[in-house]
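This report concerns only the one structure given below.
The values are calculated or read from the model by the stated rules, or taken from the named source; none is laboratory data. Computed from a prediction, not measured in an experiment: that's the story for all the values here. Cβ placement follows ideal geometry from the backbone for every residue including glycine, while neighbour counts extend to all protein chains displayed. We work out accessible area using only protein heavy atoms, side chains counted, and drop any ligands, DNA or RNA first. Shrake-Rupley method; radii C 1.70, N 1.55, O 1.52, S 1.80 Å.
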Amino acid sequence: MESNNIMEVANGGPNFEKMVEELRDAFKKGKTRPYEFRLNQLLNLQKLLEENSDEIDRALHKDLKRHKMESAGEILPLKVEIADAIRLLSSWMLPDKLPTCLLLPNDRAYLQHDPYGVVLIIGTWNYPMLLTLNPLVGAIAAGNCAVLKLSDGSPCSSAKLAELLPQYLDTSCFKVVSGGATESVALLKVKFDYIFATCSSRIGRKVMAAAVENLTPITLELGGKCPLYIHDSADFEIAAKRIIWGKMINNGQSCIAPDYIICSRQAEEEFIACAKKVLLSWYGKDEKASQDITRIINNHHFNRLKKLLENTKGKIVVGGNTDAADLWISPTIVVDVKSSDVLMEDEIFGPILPIIRMDSAEQAIEYLNARKDKPLSLYVFSKDKNVNKMFNEQTTSGTLTFNEVMLQCSWQEMPFGGVGDSGIGKYHGKYSYETFTHKKGVLVRDFSFITENFAAIRYPPYSSAEVKLQFLYLFLSNLHYFNIPRNIGLPHVLAFFCGIVFMLFMGALQSAC
Amino acid sequence: MATSSLLSADTDVSNSYAKIVDELRETFDEGRTLPLEFRLNQLKALHLLVEENFDKMLAAVHKDMRKAKMEGASYELELLKIDAVAAIRELKQWMKREMMPFNLLLPLDKAYVKHDPYGVVLIIGAWNYPFLLSLQPLIGAIAAGNCVVIKPSEHSSNAATTIAELVPKYLDPACFRVVLGAAPETIELLENKFDYIFATSSTRIGKCVMQAAAKHLTPVTLELGGKSPVYIDDDSDIEIASRRVIWGKCINLGQTCIAPDYILCSKSTEKRFIEHVKHTLQEWYGQDPQKSSDLTRIINNQNFLRLQKLLKDTKGRIAIGGETSEEDLFISPTIVADVKATDSLMTEELFGPILPILTVNSKEEALKFIKERPKPLALYVFSKNQRTLEYFIEKTTSGAICCNDVVVQNGWEGLPFGGVGDSGIGHYHGKYSYETFVHKKSVVQRSFSKVGEKIYAARYPPYNNWNMKVIAGFMKYLHIFEMRARPVTLFATFMAGAIASVAVTVGWLTGFKKRND
């Protein structure tokens, strides 16, 4: 029944052209451009989440056996994101004005924000709501029409979204497509004006290759192995809590989950002791019975992880139990892992945490920089300021977080996105809006006598070129001195009035004397 | 024998490219390009390069395409110098970390955006402005702290060899390398993994570049071309409009990516426009434009033949010019009237001194015509009516839009330059160049404070409803506790208030006392 439902929404391959054409028509009519329309759609999206929160939780639980609280970890940032967009949209939409120049008083220059047109958003299964709707918030705010490709990895959540979205959003501007690889391939053949995809690096390459045909700009949110370095100076009790928490949300199936740990032998011992304590106090003796641990999404991934555990040359010190019937893998820590180990090849995306031994921070940095992939997130736990500085300056990663995991992705106003193999482009908050906006340079001149005579210096015949060039260079290189600053804001006005009040006060004082 | 030596030469080339990239990556990993001083020094050296070799560079472009001194200087070298000077002036400001607002609920946490250079970047230049289009992106790449491979276009060979000769003399050769070569060499070069690719090229080559980039997931900026339309409304000052348009079309003999490509206007405007252009051309270039030293030549035979064929195939009426001379690679400034939308002149970017005029009867018709075609790199609108201008600004999308002038938006300080859709991806110039070549890394720094940990512990398992509500409330209202001002400045303001109140009280008391006395 459910698969039937999906097929209905998908409409099959050949119809995508027509669907996108419809959206393009709506866009060309300018339907999505007005502020009111965008605001309205965002409000509807907010309403969708509020009115259906139980149903959404249930769908997520069906897919991932995930606890309500972890689902809240997915829905809450989304709600905040929408609320921020609603609150700030009008200020985002203001054109960026350039300062007026005293020497060219008749000219006006600014950046107009144009929506791209029809954008494609490809979501994924590990956070089916967040990773599909979060980019959508940006696309709506920027005034685009959008096609959402929902993942077939999380069928229940995708079905729920496919059912709910058309009820709340304007169906002539926003369409939903469910399905798997075939639908994605068919979709990518159609011309879009922007493609936003959250996926693996392998699929990311395919998306980018498909975007070449129409020279479509892209944002790719990919994964990768996120390293975590623990320095000997860290507070291990707190560090272990935070790290295990980050690894265990969604049972390690997060693109920014700590993938492996680098630390010294001494740190390793302390960390494992603390981790064991933490796991026991959170999940009890029988971890499988705990309601708080999500399951692996499907058989394919379960088998992949099981194989990793079988093939690793490292020593399993915590966990390592599997149960295919329940898609269960217990929280596992593996030590004595070499950099050539199977666990170090691909993103793990499961509750397995290998530890590599490195004696110093320098060695760790050398190891990180020698790896080909720049990570999506890099985590450093240390109280030593010099170590922090070293990591900050000598490594590159999508995001860098000290003494914390995961939370950088929902930090207000911070961009989120990878670099190198971990992705292209940024989003979240204002960055989402800017991702889906083309900033068009606008220059408005007039036909006035002054402008034309000033401009006439450029015309042929190029006689006395030397003098003209001298003048041009002097003129252009000093132009910025004559800019009238744009931001004469409230503080300056207040300062001005303070000046007046101050002088009046001095005057009064003097007359009083 | 011959084939084997050819083969070995081929592998030599690819090996040497791989070696160059490896060497640059090594220098980058050492962190040599990171300090502000290094970047400033290199920018100053680049500025010096242009200043000291001004005439030599002008001679090179004159040899390549007979570019007039005034054009070579003001549209290439001066722009380079000005961009370099601006970068030197602003770099320290650009490099500053973007601090996030302080939050009262998270007093021990610090968050900011740090700008990391990408690493080793590739810049592919073009032949029409060989110095500007290779070296202006370089300014951004240096400012951002990258190592760079520069590949100038082989079609402007003299300029390319000049770049290859001068760059190692002025810039640090361990960080900046020039590679010469044609299409096969470029393909070899693109096999290597770069961290960013910046290419100025045609749409066709742009696709090849992006295809190669997709293999390594390399982000790209593509500066492509396209047909940039001009709409002239009936109410504009046709005399001034015609001068500006024809100037934009004739610089570099139309071989400018943002040159006006075709005109949309009414029949009556067309007539007046052609009258004025005739007059202007006579005034600027004399009776025989071929004799004028101010007109550039077509870059090579291939492009000349392409343009000649376009002129032969057009069904339009040649109103001005139309003379061609193959041995001189010259085509006189040409205006073709009565052109239909299906004409040969409308099939591709012209990139030459041919200006077709299409008749439209209203601004609505013009808008429809423009919107039916790929998004242009630049759109030009001439009108005295502010509402007409706004109409186009609001309803069209293009890389840039310039009202009542052409081409000048390119050198405008503060305006980004770049296309959208078929005309390109990404933008540059000034601060935007710097931003093109940096990765903005989010950095969050938390503490191990026990008090903080007590609060954050709400997120840990075992999960319960109360904690869930606490977190929901926390996240919902977090933004209210944001402080735009830094604590230090707030404290300063507070102290200023305190001192002021003391001053007022003392002042009032002394005044009061005096009056009492």
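Which residue out of B:Thr218, B:Thr200 is more than 12 Å from chain A (Cβ to nearest Cβ) and touching an Asp or Glu at 6+ places or on another chain (Cβ under 8 Å)?
B:Thr200
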Seminar exercise, completed: Within segment A:371-386, the residues that are in contact with a His (Cβ under 9 Å, 6 or more places away or on another chain) and open to solvent by 10 Å² or more (accessible area, probe 1.4 Å) are A:Lys374, A:Lys383, A:Asp384
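Take the residues in segment B:475-489 that are open to solvent by 70 Å² or more (accessible area, probe 1.4 Å) and closer than 30 Å to A:Ile82 by Cα; name whichever of them is farthest from the other protein chains (Cβ to nearest Cβ).
Only one residue tops the list, namely B:Arg486.
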Exercise. For segment B:319-330, does any single residue satisfy the condition of being touching a Gly at 6+ places or on another chain (Cβ under 9 Å), over 27 Å from A:His480 (Cβ atoms) and of a type in the set (S, T, N, Q)?
Worked result: no
Seminar exercise, completed: Given the conditions (1) touching a strand residue (DSSP E or B) at 6+ places or on another chain (Cβ under 6 Å); (2) open to solvent by less than 30 Å² (accessible area, probe 1.4 Å), every one holds for B:Pro333 apart from (1)
Exercise. Within the set of pairs 6 or more residues apart or between chains, which connect a residue that is more than 28 Å from A:His61 (Cα to Cα) inside segment A:323-343 to a residue that is part of a loop (DSSP other than H, G, I, E, B) and open to solvent by 60 Å² or more (accessible area, probe 1.4 Å) with Cβ atoms less than 7 Å apart?
Worked result: A:Lys338/A:Lys313; A:Asp341/A:Lys313
For this session: Determine whether B:Ser442 is at the interface with chain A (Cβ under 7 Å from one of its Cβ atoms), in contact (Cβ under 8 Å) with a residue 60 or more places away in the chain and surrounded by 24 or more Cβ atoms within 10 Å (Cβ to Cβ).
Result: yes
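For segment B:1-97, give me every one of the helices (runs of 4 or more DSSP H) that falls completely inside it and has 2 or more residues that are more than 25 Å from B:Leu190 (Cα to Cα) and modelled with pLDDT of 90 or more.
Hits in segment B:1-97: B:36-52, B:54-65, B:69-72, B:78-95.
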Seminar exercise, completed: If we keep only residues of segment B:445-459 that are part of a loop (DSSP other than H, G, I, E, B) and surrounded by 18 or more Cβ atoms within 10 Å (Cβ to Cβ), then the residue farthest from the other protein chains (Cβ to nearest Cβ) is B:Ser447
For this session: Tell me, yes or no, whether segment B:419-435 has at least one residue that is in a strand (DSSP E or B), at the interface with another protein chain (Cβ under 7 Å from one of its Cβ atoms), touching a residue at least 40 places away in the same chain (Cβ under 8 Å) and under 11 Å from the mean Cα position of the chain (by Cα).
Result: yes
Seminar exercise, completed: Reported set for segment B:309-330 where residues are polar (S, T, N, Q) and either surrounded by 20 or more Cβ atoms within 10 Å (Cβ to Cβ) or touching a strand residue (DSSP E or B) at 6+ places or on another chain (Cβ under 6 Å) (or both) is B:Thr314, B:Thr324
Exercise. Pairs, please: C-beta under 6 Å, at least 6 apart or cross-chain, first residue free of Cβ contacts under 8 Å to residues at least 12 places away in the same chain and among the aromatic types (Phe, Trp, Tyr) and in segment B:454-474, second assigned to a helix (DSSP H, G or I) and open to solvent by less than 70 Å² (accessible area, probe 1.4 Å)?
Worked result: B:Tyr460/A:Trp245; B:Tyr463/A:Met69
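Each row is one residue, and each column tells you yes or no for (1) outside any helix (DSSP H, G or I); (2) surrounded by fewer than 18 Cβ atoms within 10 Å (Cβ to Cβ); (3) of a type outside the set (S, T, N, Q).
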residue: B:Phe392; (1), (2), (3): no, no, yes
residue: B:Thr397; (1), (2), (3): yes, no, no
residue: B:Lys469; (1), (2), (3): no, yes, yes
residue: B:Gly473; (1), (2), (3): no, yes, yes
residue: B:Ser501; (1), (2), (3): no, yes, no
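With respect to A:Leu469, is the statement that it is surrounded by 15 or more Cβ atoms within 10 Å (Cβ to Cβ), under 16 Å from B:Gln409 (Cα atoms), of a type outside the set (D, E, K, R) and within 7 Å of chain B (Cβ to nearest Cβ) true?
no
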Problem set entry | Hey, A:Lys389 among the charged types (D, E, K, R) and at the interface with chain B (Cβ under 9 Å from one of its Cβ atoms) or not | no
For this session: Give segment B:401-437 a look and list any residue that's of a type in the set (A, V, I, L, M, F, W, C) and open to solvent by 10 Å² or more (accessible area, probe 1.4 Å), or say none.
Result: B:Val407, B:Val408, B:Trp412, B:Phe417, B:Ile425
Problem set entry | Output for segment A:400-426, where each listed residue is within 7 Å of another protein chain (Cβ to nearest Cβ) and part of a loop (DSSP other than H, G, I, E, B) | A:Asn403, A:Glu404, A:Trp411, A:Gln412, A:Glu413, A:Met414, A:Pro415, A:Val419, A:Lys426
Exercise. Here are some residues: B:Ala126, B:Ala143. Which one is outside any strand (DSSP E or B), among the small types (Gly, Ala, Ser) and surrounded by fewer than 24 Cβ atoms within 10 Å (Cβ to Cβ)?
Worked result: B:Ala126
For this session: Quick one: A:Ile238 ticks every box in (1) of a type in the set (A, V, I, L, M); (2) touching an Asp or Glu at 6+ places or on another chain (Cβ under 7 Å); (3) more than 14 Å from chain B (Cβ to nearest Cβ); (4) assigned to a helix (DSSP H, G or I) except a single one, so which number is it?
Result: (3)
Exercise. Within segment B:83-114, which residues are closer than 30 Å to B:Ile480 by Cβ, more than 12 Å from every other protein chain (Cβ to nearest Cβ) and either in contact (Cβ under 8 Å) with a residue 60 or more places away in the chain or acidic (Asp, Glu) (or both)?
Worked result: B:Leu104
Problem set entry | Residues of segment A:160-195 satisfying the condition of being closer than 22 Å to A:Lys28 by Cβ and part of a loop (DSSP other than H, G, I, E, B) | A:Leu169, A:Asp170, A:Thr171, A:Ser172, A:Cys173, A:Lys189, A:Val190, A:Lys191, A:Phe192, A:Asp193
Problem set entry | Whichever residue in segment B:391-407 is at the interface with chain A (Cβ under 7 Å from one of its Cβ atoms) and of a type in the set (Val, Ile, Thr) and, among such residues, is farthest from B:Cys257 (Cα to Cα) | B:Ile393
Exercise. Are there any pairs, at least 6 apart or on different chains, whose C-beta atoms fall under 6 Å, with the first in segment A:184-204 and closer than 26 Å to B:Lys375 by Cα and the second acidic (Asp, Glu), and if so, which?
Worked result: A:Val190/A:Glu17
For this session: Would you confirm whether any residue within segment A:57-73 is more than 22 Å from A:Ala159 (Cα to Cα) and within 11 Å of chain B (Cβ to nearest Cβ)?
Result: no
Exercise. In segment A:83-128, which residues are open to solvent by 50 Å² or more (accessible area, probe 1.4 Å), in a loop (DSSP other than H, G, I, E, B) and of a type in the set (S, T, N, Q)?
Worked result: A:Asn106
For this session: Sort out which residues of segment A:363-386 are within 13 Å of chain B (Cβ to nearest Cβ) and assigned to a helix (DSSP H, G or I), and write them in order of number.
Result: A:Ile365, A:Glu366, A:Tyr367, A:Leu368, A:Asn369, A:Ala370, A:Lys385
Problem set entry | Out of A:Ala210, A:Ala239, sole residue that is open to solvent by less than 20 Å² (accessible area, probe 1.4 Å) and either among the small types (Gly, Ala, Ser) or farther than 28 Å from A:Ser397 by Cα (or both) | A:Ala239
